[in-house]
1. Checking SER60 against (1) modelled with pLDDT of 90 or more; (2) buried (at least 16 other Cβ atoms within 10 Å of the Cβ); (3) under 20 Å from LEU17 (Cβ atoms); (4) not basic (Lys, Arg), which test does it fail?
2. When you scan region 34-91, how many residues do you find that are touching a Gly at 6+ places or on another chain (Cβ under 6 Å) and either assigned to a helix (DSSP H, G or I) or not assigned by TED's automatic domain parsing to the domain that holds GLY11 (or both)?
3. Which of the following residues is among the β-branched types (Val, Ile, Thr) and assigned to a helix (DSSP H, G or I): VAL219, VAL167?
4. For region 136-156, give me each residue that is assigned to a loop (DSSP other than H, G, I, E, B) and either more than 13 Å from the chain's Cα centre (by Cα) or within 12 Å of ILE259 (Cα to Cα) (or both).
5. Out of all the residues in region 93-100, is one or more modelled with pLDDT under 95 and not in a helix (DSSP H, G or I)?
6. What pairs can you find where one residue is in region 160-176 and over 22 Å from LYS281 (Cβ atoms), the other is among the basic types (Lys, Arg) and surrounded by 15 or more Cβ atoms within 10 Å (Cβ to Cβ), and their Cβ atoms are less than 8 Å apart, with a gap of 6+ or different chains?
7. From GLY148, GLY88, GLY142, GLY129, grab the single residue that is in contact with a helix residue (DSSP H, G or I) (Cβ under 9 Å, 6 or more places away or on another chain), farther than 30 Å from LEU54 by Cα and surrounded by fewer than 24 Cβ atoms within 10 Å (Cβ to Cβ).
8. Within region 250-285, track down each residue that is among the charged types (D, E, K, R) and over 17 Å from the mean Cα position of the chain (by Cα).
Amino acid sequence: MKDIRVGVDVGGTTVKLGLFRADTLTDKWEIPTRTEKNGVGILSDIKDSIEEKLKEKNISKEEVLGVGIGVPGPVDAEGIVHGCVNLGWQTFSVEKELGELLKLPVKAGNDANVAALGEQWQGGGRGCGSMVMITLGTGVGGGIVLNGKILAGVHGAAGEIGHMPVVYDETEYCNCGKKGCLEQAASATGIVRTAKRLLAQSSQESTLRGREDFTARDVFDEAKKGDALAGQAVERLGEYLGIAAAHIACVVDPEVFVIGGGVSRAGEVLIETIKKYYKEKAFKGTREAGFKLAELGNDAGIYGAARLL
């Protein structure tokens, strides 16, 4: 019986791998991502690492259902990767190339979408057939799962929540070349920028004032302690996320939004702030969608990759 699956999550610095028996993660490990020479050695490194692990565990390839892989770039329904800037990859079929190296079935997906699938399977969205994941880190990412399947879109770009325009009076440009993206307001760097703008626009007392540098965590920590200006920055972040979630709900009507990434460590104060504005902005038919924190952390990608199979 083929009940072994391997989940692979390719990042710019490391490749995370997980060995699953049935639905249980039994082992996980990492290898460096060698991006030199346009990442030509990445797939062969993955192939070697998987084969070493199977040999170590005395598992034959006849027992392996296949390998799922999440990559940091758009992936279409045929498993073709349309470029991964951080890896140096151009357009090619990662499913075909890795499958030929391993002599095993391979399924590929965008890393954010795959992480969403992992959370839907065994994380914050467990038990929900349809969910949207919003990942708040240095940027804002996302993934959409409908009826247990990733919604990738024609160009593999569905779920690019961070580049939804929500800040219509923004004057600075996002890294994507547009102005007013959610990522500019709701990322870790975004909330710091909002707090700095508030400090510059007023003489309001704040424990953040006078600090040479501070982080998103500092803003949340001071807001929890009652700092009014930090609280304003958190409110503004929650408002834009609530607006974005309301827009998304009008299109896909999910059961739950799962919030992950480093900023999600702020916990329930973040969830409650987003929910407050979502309730104000959402169409009444979608207003009861839930909001939960992600549960799988950095393992979401390997869970989702295994689930692709």
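The values are calculated or read from the model by the stated rules, or taken from the named source; none is laboratory data. Bear in mind the structure is a predicted one, so any value in this text is a computation, not a measurement. Positions of Cβ are generated from backbone atoms using ideal geometry, with glycine treated the same way; all protein chains shown enter the neighbour counts.
1. So the condition that SER60 fails would be (2).
2. Going through region 34-91 one residue at a time, the tally reaches 2.
3. None of the others qualify; the one that does is VAL219.
4. Once the filter is applied, which keeps residues that are assigned to a loop (DSSP other than H, G, I, E, B) and either more than 13 Å from the chain's Cα centre (by Cα) or within 12 Å of ILE259 (Cα to Cα) (or both), region 136-156 yields GLY137, ASN147, GLY148, LEU151, ALA152, GLY153, VAL154, HIS155, GLY156.
5. yes
6. Final answer for the pair search is THR171/LYS179; GLU172/LYS179; TYR173/LYS179.
7. It is GLY129.
8. ASP253, GLU255, GLU268, GLU272, LYS275, LYS276, LYS279, GLU280, LYS281, LYS284
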